[in-house]
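In what follows, a single structure is set out as C-alpha cells and then discussed.
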Amino acid sequence: MFESLKGKTVLITGASSGIGEATAKTYAEVTNGEISLILLARRFDKLKEVQKYIKTKLPNTKIVVQSIDLSQTDLILQWGDSNQELINKLDILVNNAGFAHGLKNIGDIPHSDVTNMINTNLTGLITLTQIVVKSFKFRNTGDVVNISSISGKDPYIGGAIYCLTKTAISTFSDVLRKEFKDTNVRIIEILPGLVQTEFASVRHDGDSLKAEKVYQIYEPLSSKDIAEGIIWSTSRPPNVQVAELMLLPTHQASMRDADMQR
Ligand SMILES: NC(=O)c1ccc[n+]([C@@H]2O[C@H](COP(=O)([O-])OP(=O)(O)OC[C@H]3O[C@@H](n4cnc5c(N)ncnc54)[C@H](OP(=O)(O)O)[C@@H]3O)[C@@H](O)[C@H]2O)c1
C-alpha cells in the first residue's frame, strides 16, 4: 500500500513533538526505512531524540535534523538559500509547525501572541511553501501537505488569532491548488480535530492540570491518527489529490466544546 512512498524525501516542520514527530516515525515505519526525512523545529535535542528512535528501529532511514525558528522569516529565507540542493530533492513538504497561546478575548490578546501565532502558523508556512513550490513547479512533481484545523472552519471564543491563522491556511491551500491545477503537484489540506499532543500544554503555559482537562472532554485522537491520514493522502496514486481531509474524534462535531477549555 505504501510502496509509492519508498525512496521519497519528506520535509516535516514541527517534528520535535506531537503530529510532526508521529508523522516522521510513521513514514519511516511504513516504508521500512526506505525514506529520507528532513525534520525541522526549534528544539534540537527533541529532534535528535526522534532521529535516534527511528534510527534504532530502522537504521537505514536517512534523517537530517535542523533547528530553526519558523516564526523568523529571515531565517527561513537563509535556510532556503543554503539548502537548495536538498529542496531540489524534496517530494513531500509537510507544513505542520504551529501553536496556540492563551484563550483571551479580542481586546485583551497580548500583542506578542498576535505576532507570534501569525508569524509561526501562517507567515512561516507561506514563506517555506513559496521556496519549495518553485522547485516542485520546475520539476512538475511534489506534494504540499498543510496542517490547518477544524478551528479554521469553526472559530471559537478566545481563539481569534489561532483560528484565523488556520482559516488563512485553508485559503492559501485553495489558491495554491488552483494555481497548480495544470501540474502534477498536489495540495493536501489536513484538518485535525482534538489531538492529544503538547498543544494544550503550550496553550496553557505548561499548566498540566489545564492541559489534561482539555483531553478529558471526550476521547481525543492520537498524533498517530493524524500521521496515518497524512501518509494515506500522500500515498494515493498520482491521479488522486486528497484536497481536504478532516479527522475528528468520534465524539467531536464542532469546536463549541472549546469553551470548556477556558
Ligand atoms: N493538537 C490538536 O488538537 C490540533 C488540532 C488541530 C490542528 N493542530 C495543528 O497541528 C500542528 C501540530 O501541533 P501538535 O498538536 O502536534 O502540537 P505540538 O505537540 O505542540 O507540536 C507543535 C510543533 O510545532 C513546532 N513549532 C512551534 N513553534 C515553532 C517555531 N517557531 N519554529 C519551529 N517549529 C515550531 C514545535 O517544535 P519546537 O517547540 O521544538 O519548535 C512542535 O514540534 C499545529 O499546526 C497545530 O495547530 C493541532
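Please list, in order along the range 31-41, the HN-Hα scalar couplings obtained from phi with the Karplus expression 6.51 cos²θ - 1.76 cosθ + 1.60 (θ = phi - 60°), rounded to whole Hz, x for Gly and Pro.
Each residue of the range 31-41 in turn: 9, 6, x, 8, 7, 10, 10, 10, 10, 10, 4 Hz.
For the range 3-261, with equal point scatterers placed on the C-alpha atoms only and solvent neglected, what are the log10 I(q)/I(0) values from the Debye formula at q = 0.11, 0.12, 0.15 1/Å, to two decimals?
Computed log10 I(q)/I(0) values: -0.56, -0.68, -1.09.
Determine the gain in length on full extension of the stretch F44-K89; use 0.36 nm per residue of separation and subtract their C-alpha separation, reporting nm with one decimal.
Difference between extended and current length: 13.9 nm.
With 10 angstrom as the radius, rank S173, S17 by how many other C-beta atoms surround their C-beta, starting from the fewest.
Least to most surrounded, the residues fall as S17, S173.
Rank M117, I38, N146 by how far each Cα sits towards the positive end of the charge dipole of the range 3-261 (+1 on Lys, Arg Cβ; -1 on Asp, Glu Cβ) and give me just the farthest.
Of the listed residues, the answer is I38.
For E179, what is the net charge nearby, where nearby means another residue's Cβ is under 13 Å from its Cβ and Lys, Arg count +1, Asp, Glu -1?
Neighbourhood net charge equals +4.
Near the amide H of G14, under 5 Å away, which other amide H atoms are found, from residues 5 or more places off or on another chain, if H is placed in the peptide plane?
Result for G14 returns L40, A41, A97.
Among the lysines, which have Cα under 24 Å from the Cα of K52 when same-chain residues fewer than 8 positions away are ignored?
K6, K8, K25, K62, K89, K224
Could you please report the charge total around I76, scoring K, R as +1 and D, E as -1 over all other residues with beta-carbon less than 15 angstrom from its beta-carbon?
-1
Residue by residue through the range 49-54, which ³J(HN,Hα) values in whole Hz follow from phi under the Karplus form 6.51 cos²θ - 1.76 cosθ + 1.60 (θ = phi - 60°), with glycine and proline marked x?
Karplus-based 3J(HN,Hα) across the range 49-54 equals 5, 5, 4, 5, 4, 5 Hz.
Most exposed first by the Cβ proxy, i.e. fewest other Cβ within 10 Å, how do T23, T123 rank?
Lowest to highest Cβ neighbour count: T123, T23.
So what is the relative contact order for the chain, in percent, with contacts set as C-alpha pairs under 8 Å and at least six apart?
Relative CO of the chain lands at 20 percent.
FRET efficiency for V202 and V240, Cβ-Cβ distance as r, R0 = 25 Å, nearest 0.05?
In this case the efficiency is close to 0.15.
Please work out how much length the chain gains when fully extended from T171 to Y53, using 0.36 nm per residue of separation minus the C-alpha to C-alpha distance, in nm with one decimal. Working shown, then result.
On the way: separation 118, 0.36 × 118 = 42.48 nm, distance 3.58 nm.
That pair, T171 and Y53, stretches by 38.9 nm at full extension.
What does the charge add up to near T9, with Lys and Arg as +1, Asp and Glu as -1, over the other residues with Cβ less than 9 Å from its Cβ?
Result for the neighbourhood of T9: +2.
FYI, it's all coordinate maths here, none of it is from the lab. Note that the structure is a prediction, hence the values are computed from the model and not measured. All Cβ positions, even for glycine, are placed from backbone atoms using ideal geometry, and neighbour counts span all protein chains on display.
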